[in-house]
Amino acid sequence: MKMIRTKMKTKEEAIIMGIPTIDLSMENRSELSEKVVKACEEFGIFKVENHKVPLEVVSRMEEEGAEFFAKPSMEKQQAGPPNPFGYGCKNIGNNGDVGELEYLLLHTNPLFISQTSKTISIDPNKFSGAVNDYIEGAKGVACEILELVVEGLGVQHKFALSNLIKHLQSDSVLRINHYPPNINNKPSIAFGEHSDPQILTIMRSNHVTGLQASTHHGLWITVPPDPTQFFVMVGDALQVFTNGRFRSVRHRVLLTNTMKARMSMMYFGAPPLNWWITPLPEIVSPPQNPSRYKPFTWGQYKKAAYSHRLGDCRLDQFKVH
Ligand code: GA4
């Protein structure tokens, strides 16, 4: 969907506003990086077209997901509970949040995938093969976006951010969500409002609508699904790396489809647990423009995130007042 207006003054204007679409095959690199930075600043969410992930990689992952969620509940439970990884049903996190969905939460480390696949599929090699290929594809998209972000922000070291998710010890996660058809015929919130704690989220869903993103003014935009493309979302860690120039996007899933299940796949790109999350040196220039956040490691932030409710603004406790 094309962006109709970026500057918003009234509610009416907001309603006709869609999220930006960025064509990754654009030849003019500096124009492309400018567009990415602008989309991150203004929306924190955008769609990318002409990515290089083969369709076959996406459909294999989709088939494996559909096959798993079609199993009887007893069999799925064998892959749970998701503490911290595995199969989950309705419960989200550890503090009483619930949603109208079931999901698989997987660490992206291939050794972990090969172990967990045994409890998920009767053909663990086929499952882990599909998951690993999908992760490689989504990670590629995330790295490309992060390299464009860095270029657009004028940061010297091109791989300053992408290296964090390419790192062997990266704490990135893959999540597959399965939402049942909404038989009540009343739109309902199936996954509550929140921002993602990581650096960047790469999301792809089937054709069933549901994702909504909040503008910086607090208005909800419905994001039309596009099964062949990816959606990029700014996470809390990227907000800190850019010293608040980008803001993590608050989003939720609202279900309206009475006939079909929604399935979405999210790759959450994160650094290693012991990595410090602090603004990129080129972004801050004390004393005029100091860091707005107290330094913390990704491990500390994750711990803090899991001690909060889903919708909490977890970054607040790390802000310099
Ligand atoms: C949101 C993004 C990812 O889905 C997730 C979620 C995690 C979970 O479902 O276990 C969290 C949530 C997410 C944010 C705050 C904490 C942790 C549930 C929750 C209440 C896997 C993640 O990393 O953070």
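Read-outs throughout are calculated quantities, based only on the coordinates presented, and are distinct from any laboratory measurement. Here the structure is a predicted model, which means the values were calculated and not measured. Neighbour counts run over all protein chains shown; Cβ positions are idealised from the backbone, glycine included.
So for 55, 168, 101, fewest C-beta neighbours within 10 Å to most, what's the order?
168, 55, 101
How large, in Å, is the chain by the Kirkwood hydrodynamic radius built from its alpha-carbon pairs? Intermediate values should be presented prior to the final figure.
Values: mean 1/r = 0.0498 Å⁻¹.
Kirkwood radius, the chain: 20.1 Å.
Output wanted: per-residue J couplings in Hz (rounded whole) for segment 34-42, from phi through Karplus 6.51 cos²θ - 1.76 cosθ + 1.60, θ = phi - 60°, x for Gly and Pro.
4, 5, 5, 4, 4, 5, 5, 5, 7
What are the extents of the Cα atoms of segment 265-305 along their three principal axes, in Å, largest first?
Extents along the principal axes, in whole Å: 40, 21, 15.
Among 139/303; 126/158; 90/260, which pairs are too far apart, with a Cα-Cα distance over 30 Å?
On the way: 139/303 24 Å; 126/158 35 Å; 90/260 18 Å.
Over 30 Å apart, Cα to Cα: 126/158.
In a shell of Cβ-Cβ distance under 12 Å around residue 63, excluding residue 63 itself, what net charge do Lys and Arg (+1) and Asp and Glu (-1) give?
Working: positive: 60, 126; negative: 56, 62, 64, 67, 123.
Overall, the nearby charge balance is -3.
Could you calculate the contour length gain from residue 67 to residue 316, that is, 0.36 nm times the residue separation minus the distance between their Cα atoms, to one decimal place in nm?
On the way: separation 249, 0.36 × 249 = 89.64 nm, distance 4.04 nm.
Length gained, residue 67 through residue 316: 85.6 nm.
Could you give the distance between the Cα centres of segment 269-309 and segment 24-98, to the whole Å?
Here the answer is 23 Å between Cα centres.
Name the shape class, rounded, prolate or oblate, that the alpha-carbon gyration tensor gives for segment 122-264, where a ≥ b ≥ c are the square roots of its eigenvalues, rounded holds for a/c under 1.5, and otherwise prolate holds if a/b is larger than b/c and oblate otherwise.
Values: a/c = 2.51, a/b = 1.31, b/c = 1.92.
Cα axes put segment 122-264 in the oblate bin.
Starting from the Cα-Cα distance between residue 78 and residue 167, subtract it from 0.36 nm times their residue separation and give me the gain in nm to one decimal. Walk me through the numbers on the way to the answer.
Values: separation 89, 0.36 × 89 = 32.04 nm, distance 3.07 nm.
That pair, residue 78 and residue 167, stretches by 29.0 nm at full extension.
I want the local charge near residue 172. Using Cβ-Cβ distances under 13 Å, sum +1 for each Lys or Arg and -1 for each Asp or Glu among the other residues. Walk me through the numbers before you get to the answer.
Values: positive: 139, 166, 175, 302; negative: 136, 171, 196.
With Lys, Arg at +1 and Asp, Glu at -1, the neighbours total +1.
Give me a comma-separated list of calculated 3J(HN,Hα) values for segment 215-220, in order, Karplus coefficients 6.51, -1.76, 1.60 applied at θ = phi - 60°, integers in Hz, x for any Gly or Pro.
6, 5, 8, x, 9, 8
Around residue 308, with a cut-off of 12 angstrom between Cβ atoms, what is the net charge of the other residues, counting Lys and Arg +1 and Asp and Glu -1? Before the final figure, lay out the partial values.
Numbers: positive: 302, 303, 309, 314; negative: 97, 236, 312, 316.
Charge balance near residue 308 sits at 0.
State, to one decimal in nm, how far the label point of residue 122 lies from the label point of residue 226, with both points 7 Å from Cα in the Cβ direction.
If labels sit at residue 122 and residue 226, their model points lie 3.9 nm apart.
From the helices alone, meaning DSSP H stretches of at least four residues, give me the mean residue ellipticity at 222 nm for the chain, per-run term -39500 (n - 2.57), in deg cm²/dmol to the nearest 500. Mind showing how you got there, number by number?
Working: 9 runs with 99 residues, N = 321.
For the chain, the value works out to -9500 deg cm²/dmol.
Suppose we keep just the DSSP beta bridges with both residues in the chain; what percent of those would be antiparallel, to 5?
Details: 47 of 50 bridges.
Percent antiparallel among DSSP bridges in the chain is about 95.
Once the piece of chain linking residue 114 and residue 31 is laid out straight, how much longer is it, given 0.36 nm per residue of separation minus the C-alpha distance between them?
Working: separation 83, 0.36 × 83 = 29.88 nm, distance 4.09 nm.
This chain segment gains 25.8 nm when fully extended.
Give the residues of segment 172-191 whose amide nitrogen is closer than 19 Å to a point set 7 Å from the Cα of residue 98 in the direction of its Cβ.
So the set is 178-191.
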